[in-house]
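Nothing in this text is a laboratory measurement; each read-out follows from the coordinates by a stated rule. In this text the structure is predicted, and so the values were computed from the model without any measurement. Cβ placement follows ideal geometry from the backbone for every residue including glycine, while neighbour counts extend to all protein chains displayed.
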């Protein structure tokens, strides 16, 4: 009886994992297709210079193990742009709370917070240049941002991946704890 019950439970877990992977890969495929439609007008071919970026995209989305995060220095990146000061403060406050909770649960050390009230369409924003300078000075190990659209909201996924790769080359990874659902 226990063996049957164990197999049944394992089967349910396996099916849930398969279902989660299916949905995750569907979202990933949608991102790749959207990226190529925006860049080339079609989704039927792969350009050689994009291989590294696409490998990064396929590897994206999983958080490091808790033990790897313990004691690491992180910078919180908060961004809103509603042109309504009251709504902006509510949005910033919510992001701050969530990211601080994530850092606390994972025993990370918060070394800085950047609050950005600008539109997310431009990767040359002063906030992102500031974070790159801080990363170059080895002042952090991770940047925590609620979601990718807080860093970059444009249609060209390549820009976001290039910024992430630039930060990775400086020794800093960007984590999006609330895109892991």
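Using the count of nearby Cβ atoms within 10 Å as a rough guide to exposure, how do 174, 143 rank from fewest to most? Present the calculation step by step, with values, prior to reporting the outcome.
Working: 174 21, 143 24.
Listed from fewest to most nearby Cβ atoms, that is 174, 143.
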>> Neighbour counts of other C-beta atoms within 10 Å: give me 118, 167 arranged from fewest to most.
In response: 118, 167
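For a quick check: sort 145, 62 by the number of other beta carbons within 10 angstrom, fewest at the front. Don't skip to the answer; put the middle values down first.
Values: 145 25, 62 9.
By the 10 Å Cβ count, ascending, the order reads 62, 145.
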